[in-house]
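The values are calculated or read from the model by the stated rules, or taken from the named source; none is laboratory data. These numbers were taken from a predicted model, which means no experiment stands behind them. Positions of Cβ are backbone-derived with ideal geometry, glycine not excepted, and every protein chain shown enters the neighbour counts. Each accessible area value is taken on the protein alone, full model and side chains, heavy atoms only, with ligands, DNA and RNA left out. Shrake-Rupley method; radii C 1.70, N 1.55, O 1.52, S 1.80 Å.
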Amino acid sequence: MKVKTLIERFEQFAPKSIAEPKDPVGLQLGSLDADCHKVLVTLDVRPEVVDEAVSVGADLIFAHHPMMFHPARNLDLADPQNQMYATLLQHHITVYAAHTNLDSADGGMNDWLAEALGLSNTVGMVDGVREANYLLTVHVQPVYADAVRLAMVGAGAGDMARYSGASYEWNGTTWFTPMQGADPELGPVGERNSTDELAIQMRVPNAKLQAVVQAVNEVYPGGHPALELTRLDHEGHQFSMGRIGDLPETMTVREFAAHCKQVFNVAGLRVVADDLDKSVQRIAVLGGDGGKFFKIAQKKGADAYVTGDVYYHTGHDMIAAHFPVIDPGHHIESICKPHLTELFKQWDKENQWQIEIVPSKLNTDPFTFI
């Protein structure tokens, strides 16, 4: 199997188009056309992780955090980062990263964090990319209409609020003059002719557009039917970073901090609060460095907020706003390792890829609590 086979399936789940601007997601090193037999799933790509990939025989490292946030200024191998690149190239290991697109994806990073905390009734916190939505019109001969319609629905077209497989169609007449080499069944060359035609119209999200068009081409005789595509303004799925949801029961800030410590299996965490006995139940969570979004979490009704890398002065602003924040660290995003492993194994089984997927066993958290 090629690396791109897994990546194309993953990007249906978390398209690169929903990543934050300038986030260097996607292929980091190697080739999407490389063979793939074993995948190592990790949060970070560090020299020790690369050594682990070599030792287990992985030919693809799938990471959450991009390996290259900043371009290399030289290739001096005395620099551990540069030596890491050299080791990857030497062992023909491809590296791919899914960062803020995995954060915003439905069923992705922030849903995993919310689920771990036991939150229900979750909604998005920080609006990200709104997926483009299109109106696709396919012109076909009536005899092929049912096959084309079913193919479009099967590929993901026609979903609307509370409805699936919705389509609109109308009959018409197509006028044409066959030229030399045209299908003789459509009339003599050079003579004006006409035929009945049916137009099928469905809504299609951007992520499924390619699959829908391909499905139509596969079932329509001769392929390449006439297609019209119109972008629908103010429509399309809204992706969001972070989630806001409800705990099963009210807790004090002190109790909730202990809950976070247990859920994320951390030796210590930071609590920013002016009242540890304040009751909280509606919780916002955003993996990674999310301190700057605390006002959005508070405005949207959260009683407390879980995120990492809270800065000193931002902490003062949180205290002034009487808004409790729990900082269990950036490394809680390692929750992605078992979830991505399970997801990839599911796809492997469904598609009979016969690849091996293993989570990294290393702890890449740079901080130690003593």
In segment 228-244, is there at least one residue being outside any strand (DSSP E or B), touching a Leu at 6+ places or on another chain (Cβ under 8 Å), open to solvent by less than 40 Å² (accessible area, probe 1.4 Å) and at pLDDT 95 or above?
no
List, please: which pairs have Cβ atoms under 8 Å, are six or more places apart or on different chains, and start with a residue in segment 158-181 that is more than 24 Å from Pro142 (Cβ to Cβ) and open to solvent by 70 Å² or more (accessible area, probe 1.4 Å) and end with one that is of a type outside the set (Lys, Arg) and part of a strand (DSSP E or B)?
Asp159/Pro205
Among the residues of segment 246-272, how many are open to solvent by 50 Å² or more (accessible area, probe 1.4 Å), small (Gly, Ala, Ser) and outside any loop (DSSP other than H, G, I, E, B)?
1
Of the residues Phe367, Phe323, only one is without any contact (Cβ under 8 Å) to a residue 40 or more places away in the chain, surrounded by 21 or more Cβ atoms within 10 Å (Cβ to Cβ) and outside any helix (DSSP H, G or I); which?
Phe323
Subset of segment 47-90, residues assigned to a loop (DSSP other than H, G, I, E, B), touching a helix residue (DSSP H, G or I) at 6+ places or on another chain (Cβ under 7 Å) and surrounded by 14 or more Cβ atoms within 10 Å (Cβ to Cβ), comes to His64
Counting only residues in segment 26-46 that are surrounded by 20 or more Cβ atoms within 10 Å (Cβ to Cβ) and not basic (Lys, Arg), the one nearest to Tyr85 (Cα to Cα) is identified as Val45
Output the residues belonging to segment 203-227 that are touching a residue at least 40 places away in the same chain (Cβ under 8 Å), more than 21 Å from Lys16 (Cα to Cα) and open to solvent by less than 40 Å² (accessible area, probe 1.4 Å).
Ala215, Val216, Tyr220, Pro225
Check segment 257-276 and report whether any residue there is more than 30 Å from Gly57 (Cα to Cα) and within 22 Å of the chain's Cα centre (by Cα).
no
Could you tell me whether segment 305-320 includes any residue that is surrounded by 17 or more Cβ atoms within 10 Å (Cβ to Cβ), among the aliphatic types (A, V, I, L, M) and within 20 Å of Val123 (Cα to Cα)?
yes
Consider Glu333 carefully, then state whether it is in a helix (DSSP H, G or I) and over 21 Å from Gly57 (Cα atoms).
yes
Kindly indicate whether any position in segment 6-20 is over 24 Å from Pro338 (Cα atoms) and either open to solvent by less than 30 Å² (accessible area, probe 1.4 Å) or more than 25 Å from the chain's Cα centre (by Cα) (or both).
no
Taking the condition of being of a type in the set (A, V, I, L, M), modelled with pLDDT under 95 and within 30 Å of Met241 (Cβ to Cβ), how many residues in segment 68-90 meet it?
2
Tell me which residues, restricted to segment 142-157, are open to solvent by less than 80 Å² (accessible area, probe 1.4 Å), assigned to a helix (DSSP H, G or I) and not charged (D, E, K, R).
Pro142, Tyr144, Ala145, Ala147, Val148, Ala151, Met152, Val153, Gly154
So which residues in segment 91-136 are modelled with pLDDT of 95 or more, assigned to a strand (DSSP E or B) and crowded, with 17+ Cβ neighbours inside 10 Å?
Thr94, Val95, Tyr96, Ala97, Thr122, Gly124, Met125, Val126, Leu136
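One line per residue, one yes/no per condition, for (1) touching a helix residue (DSSP H, G or I) at 6+ places or on another chain (Cβ under 9 Å); (2) in a helix (DSSP H, G or I); (3) modelled with pLDDT under 95; (4) under 28 Å from Ile7 (Cβ atoms):
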site: Gly301; (1), (2), (3), (4): no, no, no, no
site: Val306; (1), (2), (3), (4): yes, no, no, no
site: Lys349; (1), (2), (3), (4): no, yes, no, yes
site: Trp353; (1), (2), (3), (4): yes, no, no, yes
Within segment 291-306, the residues that are closer than 13 Å to Val272 by Cβ and free of Cβ contacts under 8 Å to residues at least 60 places away in the same chain are Gly291, Phe294, Gln298, Ala304, Tyr305
Please state which one of Asn133, Asn110, Asn101 is out of contact with any Leu (no Cβ under 8 Å at 6 or more places or on another chain) and either free of Cβ contacts under 8 Å to residues at least 12 places away in the same chain or under 30 Å from Lys299 (Cβ atoms) (or both).
Asn101
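Quick check on this structure: which one of Val280, Val310, Val272 is in contact with a Phe, Trp or Tyr (Cβ under 6 Å, 6 or more places away or on another chain) and either farther than 19 Å from Ala114 by Cα or without any contact (Cβ under 8 Å) to a residue 60 or more places away in the chain (or both)?
On the way: Val310 fails: in contact with a Phe, Trp or Tyr (Cβ under 6 Å, 6 or more places away or on another chain); Val272 fails: in contact with a Phe, Trp or Tyr (Cβ under 6 Å, 6 or more places away or on another chain).
Answer to the selection: Val280.
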